[in-house]
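The block underneath contains the structure these notes are about, expressed in structure tokens.
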Amino acid sequence: MITPAFELTQDPDFLILKIRVPYARASEFDIYLEGEDFRFYAKPYFLRQAASRFFACRLTFPGRLVEDGREKTSYSADEGIGTFTIRLPKEVPGQYFEGLDMLTSLLAPKRSRSAKPLVEEMGMTKSLSGENDEEFDWEMEQVPYEEITPALQHPYGFGNLRSGVFHRLQDELSDVIDFKDPDQTPAEERRRKRLAAEAAKFEPDHYLADLFEDEAIKHLLKYKPWWIDAHEKMTALQGESHQKHDSPAIVVFSEEEREQMRKFTNKSFLLDKRSRRHVYLGLIDILLAYCYEICVNEGESNVESSWNIRKLSATLCWLESFSSVHEVLVSFGRRVLCYPLYRHFELVTRAFSDTVMILQLGKAAVLKCLLDIHRIFMESDPAYILNDLFITDYCIWIQKVKSKKLAALCESLQKTTLSKSQLGLELEELEVAAMLVQEEEKALKAAGTVSKQQLPCSESETSDSEESSSTSSSETEGSDSDEQESSTSKDGEINSSQGTLQEERTAPLIDCNGLRQGTDTWAMEVADGRSEGSLQSLAPPGKLVEELEMQIHSAMRLSEQAEGLATAGCVSQEREEYPVPEPDRSSEDAAGKGNFLEVSPKPKPLLFLCDTNED
């Protein structure tokens, strides 16, 4: 039997069924309708064994249909693909059939829905597989429970119904889950190992980098996935007083998604109350990871998509079974800040709000997300195992869940809050320390800016000092030249004092910056005024004074580079070997703090540069 592609729509009075049967004989088909049951048979045109191979579609609708003469069937062939359009009247006009887009659940015959479980505990009055109307306490376990299942020592998977899978698949184990030997690892030990692995993986530098340099994060948060528009449309329709059952029509499945649903095998799951709790909370965990993946990749899946989903969901990579909604949020928040490329708390809150929107849109939106996860895992070689363990069963199970159960789960999720302090990673202390360091760096930068502004001021002061020294030197030279022109006598006195001056002139007196202390040497006090006349007679011509001035300016630049210790030793050594008479105070002031001395107007003055070596 080949199940053909089909889709269902409805209006207030009719249920419209479209069945696409390629190359079928339009003259050879049968339709059977009775109450909720519908059957369709057609023989393919090209098959030789027509008796053993045929198209068949067996559906069970959520409401009753009737044959009253208003039913109608038409056939059209476009590009060789035949399409049967069948209009079936409703028994109760105006009745709304819910769940027509849940194709997998419609494929099951009616008797399978009321079948009792094959294994039943004595004294039980309710079916394990049924979804009763009992209210769930999503936050805490009401009854302590100890799992005693000799056949499944440490189960896992959807509803903890599987075991021994990874024992047969050791090669793919490391690429799918984060720990070894899950069949021999109890649930409590899995949780301890998971928390330790997350604490070891957390990198404060990576977290702070994404916190303070969040331009990329802000760009990603601006992306709007499809469920935001769908939620806005649903809110607008509810505001216009539309009926509540109109909202699921907002979520539309593509042909590829319908084909995925048709390929699933419909089945029932034997779930007790504890297992159902794990399934619902695991669904939140998987949806959170999926919402993060859609946000950071802006709706475009890539080779890292399967890794992101399974790595952020502890249900998938650690086979975790949660007991409260808060535990789910804490686990997801920790893993977002430890593993993916973008590690920011705003991405956690964004995934949280997106998951709430998806649950508010109903099980059609949840199924659409699960089908996309199923497709992503099918395209990844090792991740297909997670489809067999979790996603395929979730896709089948969610089609049968009552809408009020999802509404209650969504309400519980909305009431749950998550803060950074609850993640156990000391995020707030880390951020405070980082802010203090940032403030200190700003203060140091500000101090450096002030010092740089003060440095040009000091340089300008130095240049002003140099200009004043040069002006003083020029004035001294002018006065010496005037004295030279006024001296015309006392030759004998000049000769008698010249010998003494020559001795003093030849003494190698060196100042602290490598310049000969010429002014101090020549400014000697000569008794009874005869020395003044000799100095005037020995004044050099103006050209020599200009050359000396140029040499002094060159030596000034060298003097600024001299080292303090060598300079001090040089000066002390010179003063010991060649005592110097008391310098003239006016020359010292014009010299600029003693770094160099004014040139005396004497013939053939000598300029000596200091060498730190004794040689």
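The values are calculated or read from the model by the stated rules, or taken from the named source; none is laboratory data. Values in this document were obtained by computation on a predicted structure and should not be read as measured data. Here Cβ is always computed from backbone atoms with ideal geometry, including for glycine, and neighbour counts include all displayed protein chains. Ligands, DNA and RNA are excluded from the accessible area calculation, which covers all protein heavy atoms including side chains. Shrake-Rupley method; radii C 1.70, N 1.55, O 1.52, S 1.80 Å.
Taken together, Asp30, Asp11 contain a single residue that is open to solvent by less than 90 Å² (accessible area, probe 1.4 Å) and either modelled with pLDDT of 75 or more or in contact with a Gly (Cβ under 8 Å, 6 or more places away or on another chain) (or both), which is Asp11.
How many residues, within the stretch 77-102, are free of Cβ contacts under 8 Å to residues at least 12 places away in the same chain and open to solvent by less than 20 Å² (accessible area, probe 1.4 Å)?
Just the residues of the stretch 77-102 that are free of Cβ contacts under 8 Å to residues at least 12 places away in the same chain, to begin with: 78-79.
Right, trim to open to solvent by less than 20 Å² (accessible area, probe 1.4 Å) and you get none.
Within the stretch 77-102, residues that are free of Cβ contacts under 8 Å to residues at least 12 places away in the same chain and open to solvent by less than 20 Å² (accessible area, probe 1.4 Å) number 0.
Screening the candidates Val143, Val165 for the property of being surrounded by 11 or more Cβ atoms within 10 Å (Cβ to Cβ), modelled with pLDDT under 95 and β-branched (Val, Ile, Thr) yields one hit, Val165.
When only residues in the stretch 377-389 that are open to solvent by less than 10 Å² (accessible area, probe 1.4 Å) and in a helix (DSSP H, G or I) count, which is modelled with the lowest pLDDT? Applying the filter and picking the extreme gives Ile385.
The residue that is farthest from the chain's Cα centre (by Cα), among those in the stretch 294-315 that are assigned to a helix (DSSP H, G or I), under 22 Å from Met357 (Cβ atoms) and in contact (Cβ under 8 Å) with a residue 60 or more places away in the chain, is Thr315. The residues of the stretch 270-297 that are open to solvent by 10 Å² or more (accessible area, probe 1.4 Å) and in contact with a helix residue (DSSP H, G or I) (Cβ under 7 Å, 6 or more places away or on another chain), listed by number, are Ser275, His278, Val296, Asn297.
The single condition among (1) at pLDDT below 90; (2) open to solvent by 50 Å² or more (accessible area, probe 1.4 Å) that Gly424 does not satisfy is (1).
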